[in-house]
C-alpha cells in the first residue's frame, strides 16, 4: 500500500486477458526440476506499474510467475504509451512508509464547524494497530472522507449521521490533478453521537484488512 501503483483505466481487461492465458509449466514424467521462472522486481516494474523494489513483495507481485509479470508490464506499457486518451493514475505516496504500517488521511465535512467530530475520528483511528494519521493526500496510502449531519430535536442535538467513503489517493498524470480509487461507501447513525468515531474506526480497520489481503 505504500507504493505508487500505476493504474491504466482501460488496461484492466487487457491485463486480465493476458494473465488468464498464462499456462502452467509442462511437467515431464521425470522428476520436476526446481522452478527458475519466479517473478522478480525490475526497473520496468517501477516505471510501468509504479511498484518500488521494497514494495514488490508487499503488494503480492512476487507470487506471479516471470511470464505473468512480463505480461503485466507489457500490457501496462502498451496501454500507457499507445493511446493518449488513456489516463494513468499514480496511487499512494511517493516515499515508502514504515513496514507494516498504513498512512491514513481523514477529512470531515458537513455539520462539524468546530472540528469536534474530526478530532474524535482522528483520535479513534490513531488507536488502530499499524495506522498513522497524516495531514495530506500526497502522504497517504488510504483516505477516509466523512460527511456529518447533525440530528436535532427542537434545538437540542440528539445524535449524528455520518456518510463515509474510503479511497486510495492518486494523481491523474494526464490531467495533473488529484484523483482517487473508491473503496467502501456507507452510513452510520449514532443516536447519542459519542460512539460515531469508534464505529468509523472499526469500519476503516476492516477496510484496511481487506486492502492488505488483496480482497
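The values are calculated or read from the model by the stated rules, or taken from the named source; none is laboratory data. For clarity, every value in this text was computed on a predicted model and none was experimentally measured. When we count neighbours, we look across all protein chains shown, and the Cβ atoms used for this are built from the backbone with ideal geometry, even at glycine.
Okay, here's what the table says:
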| quantity | calculated |
| --- | --- |
| Positions within region 36-50 being under 15 Å from residue 71 (Cβ atoms), in a loop (DSSP other than H, G, I, E, B) and in contact with a strand residue (DSSP E or B) (Cβ under 9 Å, 6 or more places away or on another chain), in sequence order | 37, 39 |
| Condition met for residue 155 (loosely packed, with under 13 Cβ neighbours inside 10 Å and touching a strand residue (DSSP E or B) at 6+ places or on another chain (Cβ under 8 Å)) | no |
| Qualifying positions in region 106-123 - closer than 20 Å to residue 202 by Cβ and surrounded by fewer than 20 Cβ atoms within 10 Å (Cβ to Cβ) | 107, 116, 118, 119, 122, 123 |
| Within region 54-81, considering residues that are in a loop (DSSP other than H, G, I, E, B) and within 21 Å of residue 170 (Cβ to Cβ), the one modelled with the lowest pLDDT | 54 |
| Subset of region 98-126 (residues that are more than 22 Å from residue 159 (Cβ to Cβ) and in contact with a helix residue (DSSP H, G or I) (Cβ under 8 Å, 6 or more places away or on another chain)) | 102, 103, 104, 105 |
| Any hit, region 166-182, residues being modelled with pLDDT of 90 or more, in contact with a strand residue (DSSP E or B) (Cβ under 7 Å, 6 or more places away or on another chain), more than 30 Å from residue 62 (Cα to Cα) and not assigned by TED's automatic domain parsing to the domain that holds residue 64 | no |
